[in-house]
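The values are calculated or read from the model by the stated rules, or taken from the named source; none is laboratory data. Bear in mind the structure is a predicted one, so any value in this text is a computation, not a measurement. All Cβ positions, glycine included, derive from the backbone under ideal geometry; neighbour counts span all protein chains shown. In case anyone asks, the SASA skips ligands and DNA or RNA and just uses the protein heavy atoms, side chains included. Shrake-Rupley method; radii C 1.70, N 1.55, O 1.52, S 1.80 Å.
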Amino acid sequence: MRRVGIITTLSMLLLALSASVALAAITTTINPANAPSGTRLQSGAIGCTVGDDGLTVTCTAFELAGVGNTNAFVSLTANYSGIVDCRNHGGNIVESHETTFSATNEGTLRPTRNGRLRVAVRSVSPDLDLAEPCPNPNWTPEFHAGSPTLDSWSYTLTFAGFTGAYITIT
């Protein structure tokens, strides 16, 4: 009887681990229809990772060739939720509230020479300044223990003159 309980417990743990790994899968989509004809990866690797802290998202540097003189817009956005504690000057927590906020790193890229587009590393992490502030400006905000959490993120590279993204990573 005890053996059946252990096997059932291990099976449930394996199922839970499999589900969490499946939810954490990163999907990369490259759509050649949304880029100048001849666009290709020249160097580097296209990809993003979530850091060991479970909060920081970093996307790699790479270079595309064959883009001509076409500019591109790159955007990395992460959505967070959490609890902000507000401390008074006496060091006591006087208020806590739930909040959601986004951190974004974006910009326009211009081809350098010979139709090459260099895409630099992009990274975002939660910033307390982006979260909902304390209602009293004399109180000091801080994230509650275990907060914030990364809810979702996305990375896109879209060429000027095209309606959709050439690269999408989520």
Of the residues Asn136, Asn69, which is more than 30 Å from Ser37 (Cα to Cα) and exposed (fewer than 14 other Cβ atoms within 10 Å of the Cβ)? Asn136
Give me a count of the residues in segment 16-57 that are surrounded by 10 or more Cβ atoms within 10 Å (Cβ to Cβ) and modelled with pLDDT under 50. 4
Does Glu63 count as in contact with a Gly (Cβ under 9 Å, 6 or more places away or on another chain), within 20 Å of Thr29 (Cβ to Cβ), of a type in the set (Asp, Glu) and in a strand (DSSP E or B)? yes
Give me the pairs, please: first residue somewhere in segment 74-99 and at negative phi and among the charged types (D, E, K, R), second residue anywhere and buried (at least 16 other Cβ atoms within 10 Å of the Cβ) and not in a strand (DSSP E or B), beta-carbon distance under 8 Å, and either six or more positions apart or on two chains. Arg87/Trp139; Glu95/Cys134; Glu95/Trp139
Search result, residues across segment 124-133 that are open to solvent by 50 Å² or more (accessible area, probe 1.4 Å) and within 17 Å of Thr49 (Cβ to Cβ): Ser125
Kindly establish whether Ala131 is among the aliphatic types (A, V, I, L, M) and without any contact (Cβ under 8 Å) to a residue 12 or more places away in the chain. no
For a quick check of your reading: which strands (runs of 3 or more DSSP E) sit entirely within segment 95-170 and have at least 3 residues that are of a type in the set (Phe, Trp, Tyr) and at pLDDT 95 or above? 149-159
